[in-house]
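Okay, structure first, notes after.
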Amino acid sequence: MLARLEQRIEEARRDYEDRPLLAGSKLLLETLAVLVADARRRIGELVEQAANAPATKRREVQRDVRQRIASETGRQDLITSYYLDVLANAHGRAFDPFIGPIGRLAGQVAEDTELIVSAVRRASEYEITQPINSTIPGHENADDIGPAAQDVVRALPPLILLRYPANEEPDCFHHLLLGHEIAHLALRRDGIGERLAKEALESVRARRNARPLAPGRGDMLPERSHNWFTELACDQLGVKIIGPALLLALYEYAALHDWQYDVDLTQKSAYNRYPALAWRLRELRKLVREEYLPPPRRDESPLWRPIRQVFDELEIPSWRDPAASEEKLAVRRALRALVEHEHELLPEPEDARALRAVMRHPLLRTRPELADFVRQNPRYDGDRFRRDVEIVWQKLGDKILPAEDVVLRGDPPDALQGSWDDERVAGMLWSLPLDWRSILNGAYLHWWAGARDAPEDDSTTDRAAASAMARGAVELSEIHLQALALRDELRVLSMPGTGA
């Protein structure tokens, strides 16, 4: 059995050889290899123990050893096979461009976290798990494995499974729903989300003198209020992490599901676990209008009217549930408190990715996009959205991949100090890769606006083509970003005294 597991691990290693960005998956794979090798070592010790047993006790020892070997191999097969099956469902190539940026974003929101991305067949939802480390032998019980293997297991960063529907892979616009899933990582920080939900419900119950509830509603009230707050909070944090077009992705999901769940007070009902989608969408639209859409102006860019219309014309039904007054009050109170904690949940990185070509740019102080690029803030705010979406729409209108923001064209402006031969000017960047979130938000809105106005048979409304173009732009922007990083790494080779 162990030989079969070792063979499967080796096959998985070959599958992952050309996927350098999957650090979490590779860490898990190497850990499984260590655990199987450790199991083989311990089984060898048991066999030797049985062989060296006194003749008077040999039969008894052998029986005990056989049972322990069967138990050990069975446990190893169960755990290793499960995770090998997870790794076997790795994302497809169409998801490749998003692995790097999504992994970076998760690592910023939850420090040192590594994602294991898995495409799930016959699934309709995106999902992120709690860290799986506690399910790996040796993480908590030192008697499970040997000391060397235990050191490997306990040195692992938090490993989290991120699952997405395999059938959604070609449609990159729905990947904006990953913002909601990554927001779960943020809300777990220091137990803030759980505390806010608990305090809000206690406050509401106290102010209303703990009035009697309808029969059956009180049993799951704390859990239901917590679940509803968690989902609504992750919607709002998700928009602030990945952008306002998350609302469109959730709207399309809701159109295929129930806008409002039937009142069902049994423990595991959808009603107890999730707030009504109609409620969630209405809250999100309010947030998008307040923080991402500029107020109408006569001299505004012509793109803002169709963007507003896209959001305004979403047909979201109203949500009514008179019996849920306690839950609604508690959730709204907790959501108000959440705003005060956003700086803790989405902190600006202390150690920015200091790409020298950007940090030394002569226009760093006068061009906000340069400063934003240096900070690499996990929060995607309205200023960045409003600036970048105009770039994306202009390029899409010209049938150009919206992958870069051209900082300068032609000769340097008068604002630059020094001559054209100045080292800073001669070697400076002329363009920056666009934020992948800007590409997805802008392209998704561009498609929605076109699909709303164009005839059904108009090729410009081809969803697959629009998605493919956005995916290609994200891939190109990531290559641009990697080239900037490589430029820094190779700069040392051109320094005096580094020649062979």
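No value in this document is a laboratory result; all are computed from the given coordinates. The structure displayed is predicted, hence computed values, not measured ones. Using ideal geometry, Cβ is built from the backbone for each residue, glycine included, and neighbour counts are taken over all protein chains shown.
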Report the label-to-label distance for Ala483 and Lys268 in nanometres (one decimal), using points 7 Å from each Cα along the Cα→Cβ vector.
5.2
The simple spin-label model distance between Arg75 and Lys57, using points 7 Å out along Cα→Cβ, in nm, is 2.2
Can you give the relative contact order of segment 2-169 as a percent, counting alpha carbon pairs under 8 Å and 6+ residues apart?
27
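Nearest-5 percent of antiparallel DSSP beta bridges in segment 2-169? Working shown, then result.
Numbers: 3 of 10 bridges.
The antiparallel fraction comes to roughly 30 percent.
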By average Cβ neighbour count within 10 Å, what is the ranking of 400-406, 390-396, 6-12 from highest down?
390-396, 400-406, 6-12
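If I stretch the segment between Gln7 and Asp381 completely, what's the gain in nm (0.36 nm per residue apart, minus their alpha carbon distance), one decimal?
Details: separation 374, 0.36 × 374 = 134.64 nm, distance 4.79 nm.
Here the segment from Gln7 to Asp381 would lengthen by 129.8 nm.
Can you tell me how segment 89-142 classifies by the Cα gyration tensor, rounded, prolate or oblate, using a/c under 1.5 as the rounded cut? The partial results should precede the final answer.
Values: a/c = 2.32, a/b = 1.43, b/c = 1.63.
Since a/c reaches 1.5 but b/c is at least a/b, the shape of segment 89-142 is classed as oblate.
How would you order 223-235, 186-198 from highest to lowest mean count of nearby Cβ atoms within 10 Å? Each step should come with its number before you reach the end.
Numbers: 223-235: 22.5, 186-198: 18.3.
Result, highest mean first: 223-235, 186-198.
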Could you give the length gained by full extension between Arg66 and Asp112, i.e. 0.36 nm per residue of separation minus their alpha carbon distance, to one decimal place?
12.4 nm
I need the calculated FRET efficiency for the pair Arg41 and Glu199, taking r as the beta carbon distance and R₀ as 35 Å, to the nearest 0.05.
0.10
Normalised by the number of residues in segment 180-345, what is the relative contact order in percent for Cα pairs under 8 Å and 6+ residues apart?
36
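Order of 151-158, 442-449, 29-36 by packing, highest average Cβ count within 10 Å first? Walk me through the numbers before you get to the answer.
Working: 151-158: 15.4, 442-449: 24.9, 29-36: 20.4.
Descending mean neighbour count gives 442-449, 29-36, 151-158.
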Checked segment 188-323 with the C-alpha gyration tensor, a ≥ b ≥ c its square-rooted eigenvalues, rounded below a/c of 1.5, otherwise prolate if a/b is larger than b/c and oblate if not; verdict prolate
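Is the shape of segment 2-169 rounded, prolate or oblate, going by the alpha carbon gyration tensor and its root eigenvalues a ≥ b ≥ c, with a/c under 1.5 for rounded and a/b larger than b/c for prolate?
Values: a/c = 2.82, a/b = 2.30, b/c = 1.23.
Since a/c reaches 1.5 and a/b is larger than b/c, the shape of segment 2-169 is classed as prolate.
If R₀ is 51 angstrom, what is the calculated FRET efficiency for the pair Arg320 and Arg19, using the beta carbon separation as r and rounding to 0.05? Each step should come with its number before you reach the end.
Numbers: r = 48 Å, r/R0 = 0.95.
For Arg320 and Arg19, the calculated efficiency is 0.60.
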